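Please read the structure below before turning to the comments.
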Amino acid sequence: MMDDEALYARVDEVLGQNKTEIQKRNAAPYDGVMGTLPDWVPANFDREFHAIRNRLISTYEHADLLDYIAEMRDMGMQGDRDRGTYYRPRTPFQIIADVSILAQFQEATRLGPVDGLALLTDTEHAKTATIGANNRVGQSKKAKLLRGKVGDDGETNSQIIGRLALAGEYRELSAKELLMHYISELDRLELDPDETHAGDDWTKLVIEYSFKDGRKQITGGQFAKVVSDYRTKKKLL
């Protein structure tokens, strides 16, 4: 069994590898999965692209994701096929929504700034989003619907952490390893996460996110406690 010093060294190594891998993904030419979106794409869509890409590429092969995107575009990104012909998509059901969004980004990039922006802002997916910084207004209104709720289906921040902590693909990760996935999830939820580092102690890292009309924060140590609480409770059930 690894001692604490060796364990933390290994965690630091894994996080460093993950950061390097993300940098490589961003540096690659844009192809729908790798690379980055053009500068003319609004920031909220760009953040969503990176969150979805990083989430999917950790589970699915790059080539497979490109095939799924091509399939989605072939279907018109809306499933517009001959209703008299049975068709079973190759794209796994659980990621169809994410792949559809990546397909929209790819098509918008192909169309260019004028037609591409029109596509992004006129899709069903984008109708509840406001371009750029104005998107914060929509988030504040959504947050007011349920006091203290920040995520999908009215999840609290603690419930978001618990959901990730107990997810099958993340259950064996330490709290420190899980932290980057939590930040990615806040990004997916368009909560505009921001990190403030405090030296080498990751437990003192401060993560801010949008909350109602302002901002709220959680430290790495607080995050670790929530992860531990959820996992301990799960073992006792």
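The values are calculated or read from the model by the stated rules, or taken from the named source; none is laboratory data. Note that the structure is predicted; figures quoted are calculated from it, not measured. We place every Cβ from the backbone using ideal geometry, glycine too, and count neighbours over all the protein chains shown.
Take the conditions at pLDDT 85 or above and either in contact with a Cys (Cβ under 7 Å, 6 or more places away or on another chain) or surrounded by 15 or more Cβ atoms within 10 Å (Cβ to Cβ) (or both) and apply them to residue 27. Does it pass?
Considered against the rule, which asks whether it is at pLDDT 85 or above and either in contact with a Cys (Cβ under 7 Å, 6 or more places away or on another chain) or surrounded by 15 or more Cβ atoms within 10 Å (Cβ to Cβ) (or both), residue 27 comes out as no.
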### Query
When only residues in region 195-219 that are in contact (Cβ under 8 Å) with a residue 40 or more places away in the chain and closer than 14 Å to residue 158 by Cα count, which is nearest to the chain's Cα centre (by Cα)?
209
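Within region 34-74, track down each residue that is part of a loop (DSSP other than H, G, I, E, B) and closer than 16 Å to residue 97 by Cβ.
Answer for region 34-74, where residues must be part of a loop (DSSP other than H, G, I, E, B) and closer than 16 Å to residue 97 by Cβ: 59, 60.
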### Summary
The lone condition residue 216 fails out of (1) surrounded by fewer than 19 Cβ atoms within 10 Å (Cβ to Cβ); (2) in contact with a Leu (Cβ under 8 Å, 6 or more places away or on another chain) is (2)
### Summary
Within region 67-95, the residues that are modelled with pLDDT of 85 or more, of a type outside the set (D, E, K, R) and surrounded by fewer than 17 Cβ atoms within 10 Å (Cβ to Cβ) are 70, 92
### Task
Test residue 108 against the stated conditions and say whether it is over 29 Å from residue 212 (Cβ atoms), at pLDDT 80 or above and loosely packed, with under 15 Cβ neighbours inside 10 Å.
no
### Query
Residue check: is residue 119 more than 20 Å from residue 229 (Cα to Cα) and either surrounded by 15 or more Cβ atoms within 10 Å (Cβ to Cβ) or modelled with pLDDT of 90 or more (or both)?
yes
